[in-house]
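Novice: Structure below; questions to follow.
What follows is calculated from the coordinates using simple rules that are stated; it is not laboratory data. Being a predicted model, the structure only gives us computed values, none of them experimental. Cβ sites come from the backbone with ideal geometry, for glycine too, and all protein chains shown count toward neighbours.
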Amino acid sequence: MDDFKIHDLRCFDAVAREGGFQAAARALNRTHPSVFAAVARLEDRLGLKLLDRSGYRAALTDAGKLFHARARLALENLEGLSSYAGQLASGEETRLRVVCGDLCPRAPILGALSGFFADHPRTRLHLDYEAVGGPYERLADGEADLVFHRLDLADPRLDHVALGEVTLLPVAAPGFLPFAITDALTPEQMRPLTQCLLRDTARRTAPESHFVIEGAHQCSAPDHQMKRELILHGMAWGHLPGFLIEDDLRDGRLLSLRGRHMPGRTEVLAAMRRRDRPHGPVAEALWDSLREGTHAWRV
């Protein structure tokens with residue numbers, strides 16, 4: 001079988017979709033004879049009868065129906081390939097790599113990303129989750145274009161957009177502590193009790209230690225959702241973001257251990273990127289949308 005022309009394939013597709021040669025010719029802005037000749041040429045090269053011309057209108061044969069289904073996929077892939085080439089030629093990114101850190105409130109962040117990428121359908125979002133030092137390491141290694149995480153002003157290479165504040169509170173389930181909760185509660189009193197920590201996903205840098213009580217028995221969780229479940233079930237105590245446990249505190253499923261010696265901490269949630277690396281037009285548009293819409297991110 002000789003290779004067939006894309007033009008012939010498009011003419012056959014138009015006849016199949018429009019229900020006849022005349023309608024296909026109008027849809028393609030071509031003459032009836034040219035469309036008829038293109039389909040005949042395709043049939044000849046394939047060695048298949050694709051259309052039954054014995055009736056008032058041409059109809060797909062069984063082989064024609066099967067071939068048309070595959071032909072549509074091929075044409076859609078070709079159209080996508082053409083669009084992809086145009087995107088590359090324009091400098092528009094085909095993919096943006098975004099990392100959500102462990103302190104991210106997922107609903108507003110995913111909502112903002114969903115709205116943005118709906119307006120930029122030619123750029124695919126590659127979304128990952130990292131914890132503790134993981135987001136910074138992905139940026140440093142060039143494996144992320146942008147991260148949402150607690151702000152670190154120590155790295156001069158990072159540009160940032162502050163999005164809001166997240167408070168981390170020490171909490172435990174009712175009955176977990178064998179003593180009364182007071183404002184004078186100390187880390188030393190908590191040492192005999194199991195403390196739940198978040199696992200650091202950084203692969204090379206030394207693990208970061210946040211709120212760690214030396215000498216205490218520890219368990220770990222991959223994210224704050226799992227950490228919350230462990231604490232709710234009385235398996236440990238630990239620090240959790242306030243936005244995640246508002247209902248738990250109000251309804252008494254969790255108790256705050258916050259006091260003079262265990263104050264918790266407030267972190268600035270920010271979008272961050274490398275200022276020493278170039279960014280494409282879609283990445284710049286996302287950055288601008290974050291800067292202009294910070295009022296919607298307060299958590």
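Novice: Arranged from highest to lowest average of other beta-carbon atoms within 10 Å per residue, in what order do the peptides 113-120, 30-37, 98-105, 280-287 appear? Provide the component values of the computation, followed by the final result.
Specialist: Values: 113-120: 13.9, 30-37: 15.4, 98-105: 22.5, 280-287: 17.9.
The packing order, highest mean first, is 98-105, 280-287, 30-37, 113-120.
Novice: Also, quick follow-up: With springs only between Cα atoms under 10 Å, which of 202, 216, 69 fluctuates most in a Gaussian network model of the chain?
Specialist: 69
Novice: List the residue ranges in the chain for DSSP H helices whose C-alpha atoms run 30 angstrom or more along the long axis and whose Kyte-Doolittle average is -1.0 or above. The partial results should precede the final answer.
Specialist: Details: long enough: 62-90 (43 Å, -0.07).
Qualifying helices, which must be both long enough and hydrophobic enough, are 62-90.
Novice: Placing unit charges on C-beta atoms (Lys and Arg positive, Asp and Glu negative, everything else neutral), compute the dipole magnitude of the chain about its Cα centre in debye, rounded to 20.
Specialist: On the way: 38 positive and 41 negative charges, 166 e Å.
I would put it at about 800 debye.
Novice: Still on this structure: Using a cut-off of 10 Å between beta-carbons, work out the net charge of the residues near residue 141 (Lys and Arg +1, Asp and Glu -1, residue 141 not included).
Specialist: Here the count lands on +1.
Novice: Continuing with this model, one more query. Quick check on the chain: of the DSSP beta bridges with both residues there, what percent are antiparallel, nearest 5%?
Specialist: Here the share of antiparallel DSSP bridges comes out near 60 percent.
Novice: Sort region 208-272 into rounded, prolate or oblate with this rule: let a ≥ b ≥ c be the square roots of the eigenvalues of the Cα gyration tensor; rounded if a/c is under 1.5, and if a/c is not under 1.5, prolate when a/b is larger than b/c, oblate otherwise.
Specialist: Rounded is the answer for region 208-272, as its axis ratio a/c remains below 1.5.
Novice: For the chain, set up a Gaussian network in which alpha carbons nearer than 10 Å are linked by springs, and say which option among 51, 185, 78 fluctuates the most.
Specialist: Between 51, 185, 78, it is 51 that shows the largest mean-square fluctuation.
Novice: So, one more: With +1 on each Lys and Arg Cβ and -1 on each Asp and Glu Cβ, and nothing else charged, work out how big the dipole of region 6-90 is about its Cα centre, in Debye to the nearest 20.
Specialist: 160 debye
Novice: Counting other Cβ atoms within 10 Å, which chymotrypsin sites (Phe, Trp or Tyr not before Pro) in region 172-236 have at most 16 and lie in a DSSP loop? Working shown, then result.
Specialist: Values: sites: 176, 179, 211; in loops: 176, 179, 211.
Answer by residue number: 179, 211.
Novice: Report the residue, chosen from 47, 175, 264, that carries the largest GNM mean-square fluctuation when the chain is represented by alpha-carbon nodes joined by springs under 10 Å.
Specialist: 47
Novice: Report, ordered by chain and residue number, the aspartates and glutamates lying within cross-link reach of residue 227, taken as a straight Cα distance under 12 Å and ignoring same-chain residues fewer than 8 apart.
Specialist: 102
Novice: Mind sorting out which of (1) 93, 42, 35; (2) 56, 46, 34; (3) 46, 42, 38 is the real Cα extents along the principal axes in Å computed from the coordinates?
Specialist: This structure yields the entry labelled (1).
Novice: Add +1 for every Lys or Arg and -1 for every Asp or Glu among the other residues with Cβ under 15 Å from the Cβ of residue 26, and state the total. All intermediate terms of the calculation are to be shown ahead of the outcome.
Specialist: Numbers: positive: 10, 17, 30, 57; negative: 13, 18.
Local charge sum for residue 26: +2.
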